[in-house]
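One structure below.
The values are calculated or read from the model by the stated rules, or taken from the named source; none is laboratory data. For clarity, every value in this text was computed on a predicted model and none was experimentally measured. With ideal geometry, Cβ positions are generated from the backbone for all residues, glycine too; neighbour counts draw on all protein chains shown. Heads up: the accessible areas ignore ligands, DNA and RNA and are worked out on the full protein's heavy atoms, side chains in. Shrake-Rupley method; radii C 1.70, N 1.55, O 1.52, S 1.80 Å.
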Amino acid sequence: MFVLLLVAGTVVILAGAFVVAVRLRRRARAVEAQLLERRFGPEYTRVLARRHGDTRTTRRELAGRLDRYGSLAVLPLSSAARERYLAQWRAVQEDFVDSPVRALAAAETLLERLAEERGYPAGLPLEERLAALSVHHARRIQGYRKLHDARRTGGGAAPNAAETEDLRAALLEGRALFDSLLNARATGAGAERGRSSHPGISGGLAAAHRQQPPGTRPGVP
């Protein structure tokens with residue numbers, strides 16, 4: 001009798017532990033999903049829609065991006081390089097008047113070059129390039145997609161008025177990502193190199209900024 005009671009008690013304890021473990025696992029998944037949604041913002045919503053509302057697959061995909069690119073060090077950008085990129089973007093905007101599609105193609109190329117100079121891997125396929133950028137510029141990454149899609153379906157060499165406005169909107173969204181990349185502060189090894197040439201920056205300020213995802217600098221449009 002005693003043995004039966006002991007076995008029954010053990011079963012009850014194990015069952016209770018299993019229930020608690022399941023609840024803790026579910027809570028951990030919910031917390032992870034909330035953190036990913038907070039970090040990726042509209043990108044989380046986009047991936048969730050593409051995954052037909054499957055939160056587990058969405059969570060796995062975005063967590064995978066963080067694993068691959070979350071520790072990426074953003075390289076510093078010199079003042080001369082910054083001015084060069086700004087001048088090139090102004091040229092893109094001026095060219096838009098004569099050839100919107102050509103201007104969007106140039107803008108996409110410019111974004112790719114800037115991303116590589118800031119430390120993002122070169123030569124990636126488009127979707128993987130977007131995945132890398134989304135880790136640090138999730139609220140601006142849609143601009144890259146808009147540029148890419150608009151220049152492919154922009155109405156050819158002579159778009160009509162409605163198509164031109166769509167192209168203009170795509171260029172403006174691309175500019176938001178351009179600004180985010182341009183103004184992102186260096187992190188990791190890149191920040192160390194930047195501080196060596198700017199010794200006046202306080203360690204406290206640098207440490208506080210390293211807690212922010214690159215590209216989320218206050219005031220960036």
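Each row is one residue, and each column tells you yes or no for (1) modelled with pLDDT under 95; (2) in contact with a Leu (Cβ under 8 Å, 6 or more places away or on another chain); (3) under 25 Å from Tyr120 (Cα atoms); (4) not acidic (Asp, Glu).
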residue: Val20; (1), (2), (3), (4): yes, no, no, yes
residue: Arg46; (1), (2), (3), (4): yes, no, yes, yes
residue: Arg60; (1), (2), (3), (4): yes, no, yes, yes
residue: Gly70; (1), (2), (3), (4): yes, no, yes, yes
residue: Tyr85; (1), (2), (3), (4): no, yes, yes, yes
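Is it true that Ala91 is assigned to a helix (DSSP H, G or I), open to solvent by 20 Å² or more (accessible area, probe 1.4 Å) and modelled with pLDDT of 95 or more? Give the derivation first.
On the way: assigned to a helix (DSSP H, G or I): yes; open to solvent by 20 Å² or more (accessible area, probe 1.4 Å): yes; modelled with pLDDT of 95 or more: yes.
Yes; evaluated as a whole, the condition is true for this residue.
State whether the residues of region 112-123 include one that is of a type in the set (A, V, I, L, M) and at pLDDT 95 or above. Steps first, answer last, please.
Within region 112-123, the subset of a type in the set (A, V, I, L, M) is 114-115, 122.
Imposing the further condition that a residue be at pLDDT 95 or above reduces the set to 114-115.
Yes: one or more hits.
Looking for whichever is open to solvent by less than 30 Å² (accessible area, probe 1.4 Å) and more than 23 Å from the chain's Cα centre (by Cα) here; the options are Ser99, Ser79. Which one fits?
Working: Ser79 fails: open to solvent by less than 30 Å² (accessible area, probe 1.4 Å).
Residue meeting the stated conditions: Ser99.
Can you tell me which residue among Gly219, Gly188 is at positive phi and at pLDDT below 55?
Working: Gly188 fails: at pLDDT below 55.
So the residue among Gly219, Gly188 that is at positive phi and at pLDDT below 55 is Gly219.
Could you please let me know if Tyr69 is buried (at least 20 other Cβ atoms within 10 Å of the Cβ), on the phi < 0 side of the Ramachandran plot and in contact with a helix residue (DSSP H, G or I) (Cβ under 7 Å, 6 or more places away or on another chain)? It would help to see each step written out before you state the result.
Details: buried (at least 20 other Cβ atoms within 10 Å of the Cβ): no; on the phi < 0 side of the Ramachandran plot: yes; in contact with a helix residue (DSSP H, G or I) (Cβ under 7 Å, 6 or more places away or on another chain): yes.
In short, no.
Given the condition closer than 14 Å to Arg175 by Cα, open to solvent by less than 10 Å² (accessible area, probe 1.4 Å) and not acidic (Asp, Glu), answer yes or no: does some residue in region 112-126 qualify?
Yes, there is a match, as at least one residue in region 112-126 is closer than 14 Å to Arg175 by Cα, open to solvent by less than 10 Å² (accessible area, probe 1.4 Å) and not acidic (Asp, Glu).
Scan Ala132, Ala105 and give me the residue that is assigned to a helix (DSSP H, G or I), touching a residue at least 24 places away in the same chain (Cβ under 8 Å) and open to solvent by 30 Å² or more (accessible area, probe 1.4 Å). Walk me through it before giving the result.
Working: Ala132 fails: open to solvent by 30 Å² or more (accessible area, probe 1.4 Å).
Within the list Ala132, Ala105, the selection yields Ala105.
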